Amino acid sequence: MIDAFGLLIGAILRLFRARRTLLLENLALRQQLAALKRRHPRPRLTIFGKVFWVLARKFWSGWRQALIVVSPDTVVRWHKSAFVLYWRALSRTQRVIGRKRISKEVRDLIFQMVAENPTWGAPRIHGELRMLGFDVCERTVSRWMRRAPRNPEPAKQWLAFLRNHREAIAAIDFFTVPTVTFRVLYCLFIISHDRRQILHLNVTRHPTSLWIVQQ
């Protein structure tokens, strides 16, 4: 702390000195630092020295040319480490940052309403929660509705229906195909679910209503 205060006082006093004197003093200090670096290849800076160079990197464009004790990459690494430590300390605080968390009771109520009332949307469920005394926004309700567990029974019933009636079911598709000459062909395609057999296929350039009826 005393070293940092001394550097501040020295910087203020140098504001009133001539430019020629400052240049000579700078040259002399650089020569001594070079000799010190040859004697101690890896000098260690205090925490105040590291903070000084991190701030210098932020507010001084010529900090790289003036840096001798360590490499510029080392200063950048100090800055990144300080950034990581700052956010790590911030994330460990008890203060909740961002959206207000909703309780498990509210989440369970949303899931229950979704399961018991499949036709209800977010506005309806939001209104029901407000009438029950829960202060939660509609966007939060919509977000948790998408996370609600789905009932697998309807999907199983539909799969059983397809398996039992696949001999009598056909799939149909009407799509377009661009050609090499930049024209568009309209294709009608019908396939049987039972054997994956193509039942009907036709192509036209002009899908009129009469053509559709004929298919």
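Sorted largest first by accessible area at a 1.4 angstrom probe radius, with every protein chain in place, the residues 61, 192, 209 fall in the order 61, 209, 192.
Restricting region 123-185 to chymotrypsin sites (Phe, Trp or Tyr not before Pro) that sit in a DSSP loop and have at most 16 other Cβ atoms within 10 Å of their own Cβ leaves 134, 182. Residue 85 sits with roughly 110 Å² accessible to a 1.4 Å probe, with DNA, RNA and ligands left out of the calculation.
Please list, by residue number, everything in region 148-180 whose backbone N is under 16 Å from a paramagnetic label point 7 Å out along Cα→Cβ of residue 194. Only 162-171 pass the distance filter. Scalar couplings 3J(HN,Hα) for region 189-195, obtained by applying the Karplus form with A = 6.51, B = -1.76, C = 1.60 to θ = phi - 60°, are 9, 10, 9, 7, 6, 5, 10 Hz; x denotes Gly and Pro.
Rounded to whole numbers, the Karplus 3J(HN,Hα) couplings from phi for region 71-77 are 7, x, 4, 5, 5, 4, 5 Hz, using 6.51 cos²θ - 1.76 cosθ + 1.60 with θ = phi - 60°, and x at Gly and Pro.
Using 0.36 nm per residue and subtracting the Cα-Cα separation, the extra length available between residue 206 and residue 153 on full extension is 14.7 nm.
Between residue 58 and residue 104, the FRET efficiency estimated from the beta carbon spacing at R0 = 41 angstrom works out to 0.40.
Shape analysis of region 63-183 places it in the oblate category; the axes a ≥ b ≥ c from the Cα gyration tensor give an a/c of at least 1.5, with a/b not above b/c.
Here residue 165 sits with roughly 90 square angstrom of accessible surface, probe radius 1.4 Å. As a calculated quantity, the FRET efficiency between residue 161 and residue 111 at R0 = 41 Å, using C-beta atoms, amounts to about 0.90. With every protein chain in place and a 1.4 angstrom probe, the accessible-area ranking of 180, 51, largest first, reads 180, 51.
The values are calculated or read from the model by the stated rules, or taken from the named source; none is laboratory data. All of these numbers come straight from a predicted model, not from anything done at the bench. Every residue, glycine as well, gets a Cβ built from its backbone with ideal geometry; the counts of neighbours run over all protein chains shown. When the accessible area is computed, the model is the full protein with side chains, heavy atoms only, and any ligands, DNA or RNA have been set aside. Shrake-Rupley method; radii C 1.70, N 1.55, O 1.52, S 1.80 Å.
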